[in-house]
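Have a look at the structure below before the remarks.
The values are calculated or read from the model by the stated rules, or taken from the named source; none is laboratory data. For clarity, every value in this text was computed on a predicted model and none was experimentally measured. Counting neighbours? That spans all protein chains shown, and the Cβs are built from the backbone with ideal geometry, glycine included. In case anyone asks, the SASA skips ligands and DNA or RNA and just uses the protein heavy atoms, side chains included. Shrake-Rupley method; radii C 1.70, N 1.55, O 1.52, S 1.80 Å.
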Amino acid sequence: MSGFARRLAGFPWREFAADAFSRVFLIAQAVCAVHVVNAHVCSLAVVTGPSMLPSMNLAGDVVAVDRVSARLGRVASGDAVLLISPEDPRKPVVKRVLGMEGDAVTFLVDPGNSDESRTVVVPQGHVWVQGDNIYASRDSRHFGPIPYGLITGKVFCRSSMAMVCLVSLTLNF
Amino acid sequence: MSGFARRLAGFPWREFAADAFSRVFLIAQAVCAVHVVNAHVCSLAVVTGPSMLPSMNLAGDVVAVDRVSARLGRVASGDAVLLISPEDPRKPVVKRVLGMEGDAVTFLVDPGNSDESRTVVVPQGHVWVQGDNIYASRDSRHFGPIPYGLITGKVFCRLPLTEF
């Protein structure tokens, strides 16, 4: 045999495969655990856009999202929630809940241009969400009350991206 | 010390705690793995009720639910899907998709009593779902088209509950 084939045959393939498999398995377990915590306990998310000004920055904020409360139904008016957009199922958005099922919600139909308001009763199993910045937010005033099943978490902590970067850099050095 | 206290002190608490912890950790890892597979790959569910007759039994069926297709958006008209009810977020229901976003869906408003039909265009990001048994199903004819985000999986296999 050539020298190359001999080196190839002499390589401990079986131990290499066993070692690689155990390392991959360990990484898979870690990914599973992190994912379960992320999806069911608590999660971090980066939110951008003008629809929640002045509560949240235009350029971006890091928010901590509590998944347990939404699953247990402990969401009430006034909570900022993370939800799946009813217009694009791949887009998570943050809005504030203004009315639970059964509540009568009054809103301005066109805040910049007129004083006309409308009142809607939120149907069973639905919630009414609005962005804090009513002039630049696409929310229940446009797509109606959303089913509660679209809510994936409740925002309980917010920090600007600059502060998070600063703190993490400080802790690392 | 009494004999009881002496036996209590002689028990190998530290090894017992380490053993218990490692077993609990192993069980937690297994639960995590099973849950991730159940929620993101494939899942079994038991469905009961008359709304999907004759496709599914009144008394109960075990269905296999494919979670990947729904996540990738590979759901089309004719698929039976598992979704969260828009009327009660704690209730998962199985219905059939009859129209995707942009489709015009025609349905009978009161099938038992009249021939009146209505046509609705499904808005963006929504789907129209109906039970196969239109006489005994609460679906999009009552609560309107549902956002796609409520769909949690696609049913691909069905077995009667009595065969389990």
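The table that follows gives values for the structure above.
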item: For segment A:36-46, Karplus couplings with θ = phi - 60° (6.51, -1.76, 1.60), whole Hz, Gly/Pro x; result: 5, 5, 5, 8, 10, 10, 8, 8, 10, 8, 9
item: Accessible surface, chain B, averaged per residue in Å² (probe 1.4 Å); result: 59 Å²
item: Highest-MSF residue in chain B out of B:Ala76, B:Ala18, B:Ala39 [GNM, Cα springs under 10 Å]; result: B:Ala18
item: Percentage relative contact order, segment A:67-173, counting C-alpha pairs under 8 Å, at least six apart; result: 29 percent
item: Segment B:41-109: trypsin sites (Lys or Arg not before Pro) in DSSP loop, at most 13 other beta carbons within 10 Å; result: B:Arg74, B:Arg90
item: Among A:Thr170, A:Gly73, A:Thr48 the positive-end extreme of the charge dipole of chain A (Cβ point charges); result: A:Thr170
item: Protein-only accessible surface order, largest first, of A:Ile134, A:Ile151 at 1.4 Å; result: A:Ile134, A:Ile151
item: Principal axes of the protein assembly as shown: Cα extent on each, largest first, Å; result: 77, 76, 58
item: Listed residues B:Leu72, B:Leu44, B:Leu98, most fluctuating in chain B (Gaussian network, C-alpha, under 10 Å); result: B:Leu72
item: Inter-centroid distance (Cα atoms) of segment B:1-55 relative to segment A:16-72, Å; result: 24 Å
item: Estimated 222 nm signal from helices in chain A, with DSSP H stretches of n ≥ 4 weighted -39500 (n - 2.57), rounded to 500; result: -10500 deg cm²/dmol
item: Among B:Glu101, B:Glu116, B:Glu15: highest mean-square fluctuation, GNM of chain B, C-alpha pairs under 10 Å; result: B:Glu15
item: Dipole of the protein assembly as shown, positive end: most advanced residue of B:Val93, B:Val155, A:Ser140 [Cβ charges, Cα centre]; result: B:Val155
item: Fraction of accessible area attributable to carbon and sulfur, segment B:69-155 (%, probe 1.4 Å); result: 46 percent
item: Whole-Hz ³J(HN,Hα) from phi, Karplus 6.51 cos²θ - 1.76 cosθ + 1.60, for segment A:157-168, glycine and proline x; result: 8, 9, 9, 5, 4, 4, 5, 5, 4, 4, 5, 5
item: Long-range HN-HN contacts of B:Lys95 with modeled amide H, under 5 Å; result: B:Val81, B:Leu83
item: Relative contact order, percent, chain B [alpha-carbon distance under 8 Å, six or more residues apart]; result: 24 percent
item: Cα-based reach from A:Lys95 at 26 Å (exclusive), listing lysines while leaving out same-chain residues under 8 positions away; result: A:Lys154, B:Lys91
item: Assigned charges on the beta-carbon of Lys, Arg, Asp, Glu; segment A:6-67 dipole about Cα centre (debye); result: 460 debye
